[in-house]
Every structure is written in C-alpha cells, then in structure tokens.
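See below for the structure under consideration.
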Amino acid sequence: MAFKLFVSNTLKPLAQRWRKTLRDSKASVFQPYYTITQTEGMNNWLRMQLAEDMEGIAANSVFLKPNDLLFKVSTLLTSQQLPACTSDHLCWLLFQQLGEPAFINAFPAISAYYTAEGGMDATRRLALATKTADLFDQYQVYRPGMVAGWKGARGLPPMEAWQQYLWEQVRRITEPRFTNKLQTAEAILEALKEPGRGELLRSRMPLVTMFGISITTQYHYNILKALAVHIDIVFFMLNPAPEVYWFDTVSPRQKALMMEKGKGVRYADSFAEGNALLTSWGKVVKDTFIQLFENDELLNSCEEVGITEPGNATLLQQVQLDIFNNSTGEDRTERIETALLKDGSITVNACYSMAREVEVLYNYLVHLVDQRRQELSPRDIVVMVSDIDTYAPYIRAVFENAPHRFPIRIADEGFGGSDNLVQALQQLLLLDEASFKAEQVLQLLDSSFIRNRFGLTNIPLLRMVVERANIRFGIHGDTELDTVFVSWAYGIKRILLGFCMGDEAAYAFGADELYPVDLVEGGEAQELVRFCHFIQVLIDAVEERKEERTLSGWSDYVRQLLRNCVATDEQATEEDYQVVSRQINRCNELAGLYPGNLSYAVFLQYFSGGLAAASQPTHFASGGITFCSLIPMRSIPFKVVAMLGLNFDKFPRREVLASFNLIDGRQRGDRNVKDHDKHLFLETICSAQQWLYISYIGQSVKDNTHLPPSALVDELLDYLESIAEEPEEVRQQLVCRHPLHGFSRKYSCGDEKYYSYLLEEQAGKQGLFNPDKQLPLLQIETVLLDDLLAFVKNPFRTYYQRVLNIRYREEEVLLPETELFDLDHLGQWQFKNELLHADAGEWPQLKTRAVKTGALPLRHMSDVLLQEVQEPVSQLRHLLTQCVGDVQPQRVAFNITLDGTSIQGSVELYAGKLVYTCFSRPSIKHQLAAYVQYLAARAAGLATGCFFITPETACAGVDISRETAEQRLVTLLHLYRKGHEQIIAFHPEVKVNARLLADFKEDYFFKELKRKIEDFNYPLDDAYVCQEYACDFTQVEHSAHYRDRCAVLVEPLFQFFPDLNE
C-alpha cells in the first residue's frame, strides 16, 4: 500500500491511466470505485471515459469531494456514527450563543453590532452567525492547529478571544451529537493505530484515486499520508510543463517586484527566469507539487504518462509550446510572424454589452463551420462565462432563435433567472405587506407555476381590471388616510360586486358605499373569481407571518405555501420540488439546535439564502454546446474553448475578507480566489485543442470610451507582443472591436473580421430593406367620424397606425403603485366635464365617488382640486346656459354617403345645436374637432348651429348651408384618402395664422416642426412626429404642400370661428 503519482500535461492520457488503475485493482463487482474530484463537470466527463472503456456501461463509481472522503473513512473505521457538523449546524448554534447574556456582557464591542438601545436586531445577529460559521468551517481545514490550541487558552487578542469563546461553547454542545472536522481527523488517525483497523479499511476501500485535484491542504494531506500506509492513494495530476522543473522559476515581472521590495539583485538573480505566463498563473499548481514532493515516496513514485508536446503550427500552439517548455522570449530562436497572428486560433473580441458578446460568439461558431470548414460537434465546444446567471437569458435568446440552431446545455445556472418552481416560491416568500403593490403582485403571474396552480390565463384582462378597480398598494389600507380606497381588500370587493350586480351603481356595503367594477361577464367572470381567490390566498399567507414560530413551524408554513400557491401533487417528483423539499427538511433537522421562536424576517434571511445558493441540475459535458461558470479544475479538453465576460472588474474575481478573519499570511493550500482564477485561465489555454476565443465588454454604451479587458487577457497580449516580430500588430490583429448593433453596416462591408449570420434568414428572403416594396391600396368605403377627427388632429399618427400598422404604446406599461396626487390633462377634462353636466348640489357626492373609484386624489388633495376646478366649470356652465338654456343634450347617430363613401358616427346636440366645450385655450386642434363634427352633423341634416365655449368666452360658428357642408366633407375625404398614401404636410401644433399664410415660405412647415421638437423647455413629444423627424421626414409630402392643406383645414376654420381667430 502506498502513494502513487501520475502526471501529464493533458487529461486524456491521465483518464486512460486512471481507467487502467481501476481495472488493475480487480475489485469485487460490489466494491465501489472511490474517486476524489472537485467539480461535477469532471465527474460527468470521467463517467463517459469509463463507459468508453467498459463497453458503454459505467457503474458503481463513487465520486466524492475531499471532505466527503474523510467522513466516509471515519464511518468505515469507527463504530460511533455521528453526523458531520456542517456550517448550517454551526450557524444556528452560534446564533443562540450570540444571544446569550454571557456573551453580550463579555464582548460588548462585538454584540453592539446587533444590539442597540436595549433591543436586538435578529437579522444582523444571524448575519454575524452565518459569517462566523463559515470562518469556523475554514479554520478547521486551513488552520487546524490554531483551533486545536483554543482549548483552555487564555489571554488571546480581543479579535481572537470572542471567536475562541464561541468555538468552545459550540464544541461543548456538539461533542455528544456531531463530529467536526478536527474530531474526524483525530478519529481517523487514532483508529488507524488500532490493530486490525487498517485491514478493515483495506477490505472496504482498497483504492482511492485523486483525479485533477490541483489544491491540497495540509489538513487533507496529513490524513491521506496516514491512509496511504494501509490503502493505495493514487494522484492523477496535471502539470502544464511536466518535463522541466519550473517550480523555482519566476517571471520578469516577479523579479522586478523583488527588486522593488528591496530584496536585492543577488537575491533576485538566484531565481531562474521562466515563462511569464506559467510562472504568473501557475502558483496553485506549483504550491501543490511542492507540497506533494516533500514526501519522498510520492517523489520517487512520480510517473509521467502520455506526455504530448504541443505543435507549433498555430499561434495557440506556439503559446502552449512555450508554456510546456517553460520558455522565455529570449529562449525562442524565431519570433512569431505577423501572418500567424491572423490564423484565428486565438480570437479576442471587445463588445458593447453582454447581449452583443453572445451574438458575436454565435457568429464566430457558425463562421468556423461555414468558412473555415471545421468539422465540429456541439460536444467539442465549451463556453465559460464569468456570471452564468446574468448571461443565461441572452444565451437562450440568441441561440434558440438563431437561423442556424446549435443544441446548448447551460450548467451551474441558479434558479433566479428562469421560470421554475424555486423562483416562484422565492417571489412569494419575498412578498410582504410593504411590497404588496399592484405591479409586484401581478408580476407573480409571470411564473407559469403560479398561473397554472390557480388556472389563470388572461393576464391582460387581470391587469386591466386591477387598474380599473384603482388597486395600488396595501392589503387593507388606512381608513383615516383614505388609503383603504387603493387597497387590495377594497378593490377585490368592488371586482366581486361588479360581476355579481352587473352595473356600476353605488351599493351599501356595511357602513360604506361601494362602486362596482363592471367590466366582464361569462367566462371572463370565472377568470376574475379565480383571480380573487388567488389574491385572498396571498393575503392569508402574508398575514400568517405576523406571529413568530420555530424553525420547524416556519418549515411547515413554507410547505403549505408551496402546496397552496405553486406546486401540485404531480410535481412532487420534479427536481425543482426536491430542491425546496431538501431545504425544508434541513430546517426541520436544525430546529433542535435552536428551539426558540423566530420572526419571519430572520427565517426568510436563512431560507432564501439557501435557495439562492442552490443551482439547477448540472449539464456540463452532457451533450450540446456547454455553457458553464468559470470554475477552476475544469481543464477538460475541447476543440473550441470560449470565455465570455472577461472584463477588467469581473475577472479575476475579488474576494472581500471579513475584518475578523484570522487566516492571516499565506500557507500552501490556502484559499485564494485571485490565484484560483489565474490557475483557471492557465488551464483553459492549455485545454483548448484548436481554437481559443476570448470576449469582454470593451466599449462603453454610454460614452463609447474603450474599457480594458481582464488583467490576465492583457498579460496574454503583452506576452504575445514580447515574442512577435511586429509587436504593434498583435493587438491590431487579435483584438476586434465590434459595433453597438448587430445590424451595423460593418458586417456587410467585406472586412473579414466582421461577419454576421443572425440576419441571414431574413436577408436571404427579402433583404433588410426593399426599396421597391409597394404598399397595398386601401379601399376606403366607410369612414368613422372618430377616425376622421383623429386624422385632422394628427395625420402622422393616422398614417403610422392605419397604413404602417405601427402603434407606439402611449399608456403606462406598469401598474401604478402609489396613490394619485394630481390629475393629468385627460383626468382633469373628464372630471370637469362630469361636473359640468351635474347640479352644483351633486358635486360633493361626485367628489366622493371620484375618490373611491380613483378618479381623484385622496383626502385633502381632492378638496383642493375641487376648489381649483369650481370656478372654470361654473363659468363655462354659465356660458353654456346662455347659449342653449336648460336643454339637455341628446346623442344622435347618423350615416351619410358622400362621393361613394359612407360616413358614420354620432354627435351630441342641444336642440339641434352642436356645442363643443373646451376648458383650455381654443387651439387649432380643438377648433378642428368642433368644425368637423359640425360639418358631419350639418351634412346629415341634424345640426342647425354650432357653439365653441371656453370658461372665458362663447363663440357661435358662422352658419353653413347643408350643400356647402357636404362639399367640404367631400374635400376632407379626398385629403383623408391622400393621408393614407403619404403623410400629408399638416399638424395642428404648427403655429399658423392669416399673416403667415399670406407670406408663406415653402420650408416653413418642416422648420417649424423641427423647432417645436428641439424646444428645450416645451418640446413636442409626439412619438410619431419624432420618428419622422429622426428619418428627416422621408415619408411626408413636401413642405410646400402645407399651404394647400391649410386651405382645406385652417382657412375655412378662420371663417367659421372668426371671433376666435382675430
């Protein structure tokens, strides 16, 4: 029984030797093969390698992590079967100890963090317990001697004393119930000293293989050394430069750093100079091998297997060869030719955004197959991403909707970025009374799991009903502040009453009056019933959180919430459900460590943290293009290796250490995120078989400034410059800066660096632009009066909506989540118009109704608004009475046919008089509306006169004969048809009067429109006009036609309302 070490520079020969080792062990068919790895991706790859060697079947292989191996060995050797003490156990034990008066009084400086003014912030207390538990877990592995020395220690420094106190308290509690890592190590070492224990271990675990482990702590190494006396421990290690001893070499930069620190020239010169990339990025590998070679048995048993020297035909191979030989720039006999920089084996792309990074990657992969004629399987490609959860939506959006489809697999993705059961539960758990707002509640229905659980399908209808019911925030609201009228409970009553009563008349509901929301009937009413049930279940779930519970009590609450709102019984076997179930069971197991009651906020902090840390089932190397996180020890060889998100502030990652972390200084095997990421980058370069692709956000979308890549990418480029014939050509040839948009003209200019396949399908059908496209002629046989009014008010909008079928959404996309504080212009007009047609004695009742239905602000703001509108409404009402008396309006429908076209609509008349009321200034737009309505009513023989009334004045329109009205309507219809062929040169917002028309200039219309759009204080915000302005009015007829359009629309208006246009 002994240590053995096999070394290679690639994984394939190591895997072959690993398979041979397993075969040679000649274990029983029931004897598991124990292999220690550090990533699930490596496990999948090794299973496939094993299956190839065993005729497609790989069974009884047990893959463990180093800590799992020790617990397994301890279980086999010792009779006492205690569960391992995990960081979760430590967390709740520490949470209890931090709340004890003994600790608070002994360490007031520490307890001040979570105690204030005699109270206790339990969420801060849990945060400190969680961080301390994680540190204790690290101390046991990285500083076991320090932790062992805490037993009975006195006079420790303050920062160490409180941790020693907590550790001793926790150790005292856990000793009879759990075993920590120190106890596990001690138990293994003591058991191995007993007679017969070694033979027992050898019979159950004769062989342990350590595959691809690049980091070994002293804690694990000491135990493995003791195990190696009784069983075989075989290491399979990667060494980028296995044929040279490079562990005492330094890079030129490291030498310069030694000089800066005053080490002296002689000290610096005592180190040989090695390859800049290997010595800078290979610290993790170097520390591990130095640690292993301290054991003479391992040093003597070291065997190189399948050493493969990289070629030198491509730029990537040249870099790999230099690393393999530990060559410096001075060792090279030949410099890299400029032509080699163009071979494409190393590609660096700088993009504006993550979405563009993914698009450019897709184009690159298609280009490899299309132009370079590479025979690639999706399994030959791996894409490593700095933040897989952030990039995953872009990856799916691009690759699942591209013209040429690649099968993809996304590994390491959390549950937060997609529609799944865990994410649905997380959103429900985060919902509380403070966040019980309209939009946040409706966004819960974005989850298909919640929608399906309650049978909700018509989300647009639900959003419309919620907005109409004036539901904004709060469950019950406050009666004194009137927020009860914008609450969910009040709004749901209005909705239920609406489809029960079938009208919107006020109904007494206890001491209050409710105004139903009558919008739906039939099947849609059933949808609202299900929605109201959904809201009531949510309200009950939130209100149940007010009382404190134990951990097990909160676990039962989550299980009930999951069953009521998310998951059906059929989904209980799904992986997502099992993730939640495991977290619930874990809380139940931990309940015995902290039997006290907890607030919901404390429980949520712990439970949601566990769900956030969970990841979806891994798909690494399981078929298709693999997208995964940048995780070390994934040096599996692929033909194409791509890395996305290598930004200067994202990679290498920065680790923020707690101020009370006692792991000071550096020892071999210590965890260091920066060194691990450097090792990952070295592994990646060495594992790329043919193509290495690097991408980063290199340009700002805000100001177009250049952003630097990761320091490691810069190091690679610097190294290439140091060995190139023409250093200035390296970045110019390798780094490609892509435009902001994928439809940029750069991709069609013939430059070999810029190519795009994403628009290929559409371009192949009709091209991006079709200048010869003819719009179909519209057959206008019937014109609605409302459409004619919309046309004269805004010809631009009519053309976009009716001809181009383009509608810019002008309404709010999100539901309002605050109470109404002021009315917009439309709201003010509606309220004033309602007051105008009601008696003054009815105004208080109208105000109450408007407040309860959301038409007016709450409380005193409604009184203020009523006072503001009383005067203009009273003035306009007085003028209206003067014009028409006490006659009540009647709405009259009409249908007339002129020039072969039917005009249909209805007008409101006061004993034959058309009255247009306007609470603002009499603008051209309002005058046109009154004028066109009168023309239609006069041509139909319904109207005998017209009044235009504002709070300041009442103007009677000049009488027009029925024949004249018909002629003018026919002229308007011709203009209406013309407006469907091209946007006519007219807009009522353009200033116009008789003097301007008399002294008309051809470019006046466009110049005036531009002036209004560019006005700094009051710009014209019409989306349709602004779009034409951006296109330089290419779809608008010539500005010279403005004079003709005014002759049809404006000059008759001046004659019709002469008093308004003096």
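The values are calculated or read from the model by the stated rules, or taken from the named source; none is laboratory data. Keep in mind that what you see is a predicted model, and the values were worked out from it rather than measured. Cβ placement follows ideal geometry from the backbone for every residue including glycine, while neighbour counts extend to all protein chains displayed.
How about the range 350-377: which of its residues are of a type outside the set (A, V, I, L, M, F, W, C), part of a helix (DSSP H, G or I) and surrounded by 15 or more Cβ atoms within 10 Å (Cβ to Cβ)?
Across the range 350-377, the qualifying residues are R356, E357, E359, Y362, N363, Y364, H367.
Out of the range 39-67, which residues are at pLDDT below 85, in contact with a strand residue (DSSP E or B) (Cβ under 9 Å, 6 or more places away or on another chain) and assigned to a loop (DSSP other than H, G, I, E, B)?
Residue satisfying the conditions is N60 alone.
Examine the range 648-661 for a residue that is in contact (Cβ under 8 Å) with a residue 24 or more places away in the chain, part of a helix (DSSP H, G or I) and either among the small types (G, A, S) or on the phi > 0 side of the Ramachandran plot (or both), and state whether such a residue exists.
No - not one qualifying residue is present in the range 648-661.
For the range 849-885: of the residues being over 19 Å from P951 (Cα atoms) and touching a residue at least 60 places away in the same chain (Cβ under 8 Å), which is nearest to the chain's Cα centre (by Cα)?
G854
Can you name the residue in the range 1012-1058 that is surrounded by 15 or more Cβ atoms within 10 Å (Cβ to Cβ), without any contact (Cβ under 8 Å) to a residue 24 or more places away in the chain and touching a helix residue (DSSP H, G or I) at 6+ places or on another chain (Cβ under 8 Å) and is also farthest from L928 (Cα to Cα) among such residues?
Filtering first and then ranking leaves Y1029.
I'd like to verify a number: residues in the range 516-537 that are surrounded by fewer than 18 Cβ atoms within 10 Å (Cβ to Cβ), of a type in the set (D, E, K, R) and either in contact with a strand residue (DSSP E or B) (Cβ under 6 Å, 6 or more places away or on another chain) or more than 15 Å from I459 (Cα to Cα) (or both), how many?
Going through the range 516-537 one residue at a time, the tally reaches 1.
Give the residues of the range 1008-1062 that are of a type in the set (S, T, Y) and in a helix (DSSP H, G or I), sorted by residue number.
Answer for the range 1008-1062, where residues must be of a type in the set (S, T, Y) and in a helix (DSSP H, G or I): Y1024, Y1029, S1039, Y1042.
Residue under question is V141, and the condition is that it be assigned to a helix (DSSP H, G or I), out of contact with any Ser or Thr (no Cβ under 9 Å at 6 or more places or on another chain) and at pLDDT below 95; does it hold?
Considered against the rule, which asks whether it is assigned to a helix (DSSP H, G or I), out of contact with any Ser or Thr (no Cβ under 9 Å at 6 or more places or on another chain) and at pLDDT below 95, V141 comes out as no.
Let me spell it out: the conditions are (1) in contact (Cβ under 8 Å) with a residue 60 or more places away in the chain; (2) under 28 Å from S599 (Cα atoms); (3) hydrophobic (A, V, I, L, M, F, W, C); (4) crowded, with 18+ Cβ neighbours inside 10 Å, and W488 meets all of them except one. Which number is the exception?
Single failed check for W488: (1).
Could you please give the count of residues in the range 211-230 that are assigned to a loop (DSSP other than H, G, I, E, B) and under 18 Å from N67 (Cα atoms)?
Of the residues in that region, 7 qualify.
Keeping to the range 828-874, report how many residues are closer than 23 Å to V484 by Cβ and outside any helix (DSSP H, G or I).
6
Of G510, G502, G455, which residue is small (G, A, S) and in contact with a helix residue (DSSP H, G or I) (Cβ under 9 Å, 6 or more places away or on another chain)?
G455
Which of the residues that make up the range 434-449 are touching a helix residue (DSSP H, G or I) at 6+ places or on another chain (Cβ under 6 Å) and in a loop (DSSP other than H, G, I, E, B)?
Across the range 434-449, the qualifying residue is only S447.
For the range 163-195, give me the residue count where each residue is surrounded by 14 or more Cβ atoms within 10 Å (Cβ to Cβ) and not in a helix (DSSP H, G or I).
3
For Q667, all conditions in the list (1) closer than 19 Å to L361 by Cβ; (2) part of a loop (DSSP other than H, G, I, E, B) hold save one; what is the number of the exception?
Just one mismatch for Q667, condition (1).
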